[in-house]
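Structure record follows, encoded as structure tokens.
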Amino acid sequence: MRNWAAPMIGSALGLSLAAVAAVAVLPERPYLDIVPLVQRMTGVRSAAAPVAPPTGRTAAAMPVPAPPVPPALAAVPRSMPAPRPAPPPRPPSAAPDPPAGIEGLLRPRPAGWSNGTGFFVTSRGTLLTAEHVVRGCRGVRVMSGHMRPENARVLATDAQNDVAVLEVPGLVSPAWLPVAPPSRRASRLLVLGFPAGSLPDTPNETWARLSNDAFEARVPIDADPARLVWFRSRDVTFGYSGGPVVDMASGRVVAMSRAVFDPRRAAEVYGVSTDGLAIGPGAAPMLALLSQSAVREGVVPAGMGVEATLELTRRATVRVVCTR
């Protein structure tokens with residue numbers, strides 16, 4: 001009896017030890033659900049998946065009985081009026097076609113984001129940029145060497161004049177710029193922007209000159225510098241969209257960069273040399289949109305001098321990044 005009992009006792013003892021070991025090493029919860037953790041890290045909340053109806057033999061064999069109809073409702077007709085069809089969705093309003101021969105200064109990136117420029121106009125984190133910089137964005141961030149990257153929200157847009165008002169809630173602006181039409185002494189214009197070759201947090205700078213008076217009266221364009229500013233600068237290129245154009249004589253922003261001309265086409269249309277010619281909305285549409293948004297500009301002293309104006313403009317200018 002010892003010969004066959006010993007293996008049985010050994011097997012039972014081995015199974016008992018295995019069960020104890022399994023109990024010792026298995027955690028209390030068999031798995032860890034990391035989906036909530038990933039959602040908190042990425043900031044994305046996935047909608048709950050709809051529960052699929054039961055399938056298979058069990059579902060077919062156990063139909064859910066219909067609830068009994070009360071006698072008082074038995075005579076009520078079961079036909080319901082047809083639902084009213086929902087109106088078709090309205091297509092988004094498209095921006096107006098630009099003047100002939102010009103190309104916008106914002107070039108979309110294939111990775112799903114694009115880069116433009118903006119500038120603060122109040123001490124409370126309110127800034128202006130071009131409307132086409134933030135058009136269709138899922139998220140907008142602003143950054144510079146004088147502030148850390150922050151999320152911004154769009155307060156108002158004017159697609160007709162290509163102007164947008166943004167706000168960074170709770171931010172104290174590093175500096176802010178006033179907006180006004182060009183002065184009579186306007187000669188040199190300072191233009192700032194973030195083209196492809198600029199540093200991540202430092203805008204490029206270039207000089208320009210006001211060119212509204214280059215067009216004859218017979219040319220069908222808006223040459224009023226309060227509404228539309230034409231300026232010449234060979235260095236203004238993609239990435240300058242929404243950047244400030246500052247009249248150095250008054251220290252005021254007179255326009256923002258919007259587009260450059262294609263010299264092969266525009267010279268034939270307008271009859272003037274378009275080499276280095278750029279265009280942007282003037283002070284009137286910018287001030288109108290700020291007023292519509294109940295935004296009051298910050299107060300900046302007049303006649304600060306060239307060096308003070310340069311420093312103020314550099315601190316107030318930011319990169320605007322759009323995620324699509």
Inset, instruction - Inspect all residues belonging to the stretch 216-232 and state whether any of them is touching a strand residue (DSSP E or B) at 6+ places or on another chain (Cβ under 7 Å), in a loop (DSSP other than H, G, I, E, B), at pLDDT 95 or above and not polar (S, T, N, Q). - result: no
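Yes/no per residue for (1) in contact with a strand residue (DSSP E or B) (Cβ under 8 Å, 6 or more places away or on another chain); (2) buried (at least 22 other Cβ atoms within 10 Å of the Cβ); (3) acidic (Asp, Glu); (4) at pLDDT below 95:
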position: PHE119; (1), (2), (3), (4): yes, yes, no, no
position: GLY125; (1), (2), (3), (4): yes, no, no, no
position: LEU128; (1), (2), (3), (4): yes, yes, no, no
position: VAL140; (1), (2), (3), (4): yes, yes, no, no
position: HIS146; (1), (2), (3), (4): no, no, no, no
position: ALA156; (1), (2), (3), (4): yes, no, no, no
position: VAL163; (1), (2), (3), (4): yes, yes, no, no
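Each row is one residue, and each column tells you yes or no for (1) in contact with a helix residue (DSSP H, G or I) (Cβ under 6 Å, 6 or more places away or on another chain); (2) free of Cβ contacts under 8 Å to residues at least 24 places away in the same chain; (3) among the β-branched types (Val, Ile, Thr).
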| position | (1), (2), (3) |
| --- | --- |
| ARG148 | no, yes, no |
| ALA152 | no, no, no |
| ASP162 | yes, no, no |
| GLY197 | no, yes, no |
| TRP207 | no, no, no |
| LEU228 | no, no, no |
Inset, instruction - State yes or no: is LEU312 closer than 22 Å to VAL168 by Cβ, at pLDDT 90 or above and touching an Asp or Glu at 6+ places or on another chain (Cβ under 7 Å)? - result: no
Inset, instruction - Name the residue, out of SER250, SER241, that is under 21 Å from LEU155 (Cα atoms), at pLDDT 85 or above, among the small types (Gly, Ala, Ser) and not in a strand (DSSP E or B). - result: SER241
Legend entry - Of residues in the stretch 184-197 being modelled with pLDDT of 90 or more and farther than 16 Å from LEU128 by Cα, the one farthest from the chain's Cα centre (by Cα): LEU189
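The values are calculated or read from the model by the stated rules, or taken from the named source; none is laboratory data. Quantities reported herein were computed from a predicted structural model and do not represent experimental measurements. Heads up, the Cβs are rebuilt from the backbone with ideal geometry, glycines too, and the neighbour counts pull from every protein chain shown.
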